[in-house]
Amino acid sequence: VFIPHSIIVTGGAGFIGSNFVHYVVNNHPGTHVTVLDALTYAGNLDNLKGIPSDCMDFVHGDICDAELLDRIVPGHDAIVHYAAESHNDNSIADPEPFVRTNVVGTYRLLEAVRKYGIRYHHISTDEVYGDLALDDPHKFTESTPYHPSSPYSSTKASSDMLVRAWTRTYGIRATISNCSNNYGPYQHVEKFIPRQITNILTGVCPKLYGAGLNVRDWIHTEDHSSAVWTILTKGRIGETYLIGANGERNNIDVLRLILRLMGQPEDAFDHVKDRPGHDRRYAIDATKLRTELGWKPKHTDFESGLKATIDWYTAHPEWWEKTKATTEERYKRQGQ
Ligand code: NAD
Ligand code: TDX
């Protein structure tokens, strides 16, 4: 078992990265965290509020900045790389920042890891595998071929390929995880679940793409964090692990559940223009992670996890109000 004393968490001011920082500080206090984050529209220092200053340093910077990496990487035991442009709809409107941050940024980190010989864990997505038919009996496994659909997922697939090549050619000590759709606190209001919750809270009709039959495999972000910690400390070098918690649901069912939990009629939503190239279904088989490393999720009741997430957004309007209007303007321009 590898217990790091000091890790860099890139993208630690974003949704999943900040949840991971809270998880490490709360559960593994012997590990110091340096957050490296460029604070793009998706990064928010409020996500790290309450973390004691002796547990965490914050570095405001870009993962594409090689000189900055030379200054901060030495002295750390590991990098856990979350930083990315993460939203499919944005990648369809303007792919360039996705190529830069997701591909070039990962390349810069890999070069720093190679130079300083430190452990690297790469955060990726199930979207690299493309999609499954709604009635396909199979799920994604570690041996499913890559088949990304969107500019976002193709840049994530590219970054995974760089990690594999650097591991084989230069022998860097890397692992990769591909996780399914996360939900929980601190998720940007551009994403499906927070968008609909905050629409209802602001008196706007929720917006469903197309018929809403697309299936996503939902996992609570805290379970993603515990899985990443398990892989970082116990995973075999050079391996990929899929992370998922058997949470398949279609969008229309999730939306109806949100409406019901928020005391609204279940048909109080608008159908809007579908996403171009919209992946039909994602589904993760996490057998390898469960059997080899003994990981299991804690949040197995989706309805109670969703209820807690609704309560969190209801209790923290100051956290999301600032970004809500600009996000909805952007959607309006796209007809969504
Ligand atoms: P997010 O958009 O909420 O946060 C991304 C963070 O990265 C932000 O804090 C942003 O400021 C930072 N960042 C962006 N570009 C940067 C750069 N060039 N340099 C430094 N920092 C930069 O994203 P998220 O949803 O928390 O996703 C985090 C990671 O998890 C991503 O790699 C994503 O691909 C992966 N992932 C996400 C999901 C999901 O459901 N959201 C599922 C599986 C995997
Ligand atoms: O308003 C909406 N209405 C709607 O029907 C939005 C924003 C989305 N949708 C649909 C599209 C998807 O089928 O809901 C589903 C989920 O959409 P997103 O929240 O945009 O997530 P998705 O495209 O599935 O990608 C997410 O999971 C994998 C993350 O954003 C990625 O970063 C991660 O890699």
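Values quoted throughout were computed directly from the atomic coordinates according to the rules given, and no laboratory measurement underlies them. These numbers come from a predicted model, not from an experiment. For neighbour counting, all protein chains shown are included, and Cβ atoms are generated from backbone atoms with ideal geometry for every residue, glycine included.
Using a cut-off of 32 Å between Cα atoms, the listed pairs Lys139/Lys298; Lys298/Lys332; Lys296/Lys322; Lys156/Lys322; Lys49/Lys191 include Lys298/Lys332; Lys296/Lys322 as exceeding that distance.
Evaluate E = 1/(1 + (r/R0)^6) for Ala133 and Thr202, where r is the Cβ-Cβ distance and R0 equals 25 Å; express this FRET efficiency to the nearest 0.05. Working shown, then result.
On the way: r = 36 Å, r/R0 = 1.45.
Efficiency for this residue pair is about 0.10.
Residues whose amide H comes within less than 5 Å of that of Asp57, counting only those at least five positions distant or on another chain, are Val33, Thr34, Val35 (H built at 1.01 Å from N in the peptide plane). Between Tyr209 and Val272, the built amide H atoms are under 5 Å apart, and every one of these is 5 or more places off in sequence or on another chain.
Short-range pairs are left out: with C-alpha atoms under 8 Å and at least six residues apart, the relative contact order of the range 68-161 is 38 percent.
Relative contact order of the range 124-278, taken over Cα pairs closer than 8 Å and 6 or more residues apart, is 27 percent. Of Gln264, Gln187, Gln196, which has the largest mean-square fluctuation in a 10 Å C-alpha GNM of the chain? The residue that fluctuates most here is Gln264.
Among Met161, Met56, the ranking by other beta carbons within 10 Å of each residue's beta carbon, starting with the fewest, stands as Met161, Met56. The HN-Hα couplings worked out from phi for the range 264-269 by the Karplus form 6.51 cos²θ - 1.76 cosθ + 1.60 (θ = phi - 60°) are 10, x, 5, 9, 7, 8 Hz, whole numbers, x standing for Gly and Pro. Between Trp319, Trp295, Trp218, the GNM of the chain built on Cα springs shorter than 10 angstrom shows Trp319 fluctuating the most.
Taking a ≥ b ≥ c as the square roots of the Cα gyration tensor eigenvalues, with a/c under 1.5 meaning rounded and otherwise prolate when a/b beats b/c, else oblate, which class fits the range 267-318? It is oblate, given that a/c is not under 1.5 and a/b is not larger than b/c. Kirkwood-type hydrodynamic radius, the range 86-143: 14.2 Å, calculated from all non-identical alpha-carbon pairs.
Scalar couplings 3J(HN,Hα) for the range 52-64, obtained by applying the Karplus form with A = 6.51, B = -1.76, C = 1.60 to θ = phi - 60°, are x, 5, 7, 8, 8, 10, 10, 10, 8, x, 9, 5, 7 Hz; x denotes Gly and Pro.
Nearest 0.05, what FRET efficiency do Asp274 and Lys296 give at R0 = 45 Å with Cβ-Cβ as r?
Values: r = 35 Å, r/R0 = 0.79.
Once the sixth-power term is evaluated, E becomes 0.80.
Altogether, the Stokes-Einstein calculation at 4 °C and 1.567 mPa s, with the Kirkwood radius of the chain over Cα pairs as Rh, returns a diffusion coefficient of 64 µm²/s. Between Arg333 and Asp267, full extension at 0.36 nm per residue minus the direct alpha carbon distance yields a gain of 21.3 nm.
Taking amide hydrogens as placed 1.01 Å from N in the peptide plane, the amide H of Ala283 sits under 5 Å from those of Phe140, each at least 5 positions away in sequence or on another chain. Put simply, the range 1-125 fits an ellipsoid with semi-axes of 23, 18, 12 Å; these come from the alpha carbon gyration tensor as the roots of five times its eigenvalues, largest first. Using a simple spin-label model with pseudo-atoms 7 Å out from Cα toward Cβ, Lys234 and Leu213 lie 4.1 nm apart.
Helix-derived [θ] at 222 nm for the chain: sum -39500 (n - 2.57) over DSSP H runs of at least 4, divide by residue count, nearest 500?
Values: 11 runs with 130 residues, N = 336.
Using -39500 (n - 2.57) per qualifying helix, the result is -12000 deg cm²/dmol.
Mean sequence separation of contacting Cα pairs (under 8 Å, at least six apart), scaled by the length of the chain, corresponds to a relative contact order of 18 percent.
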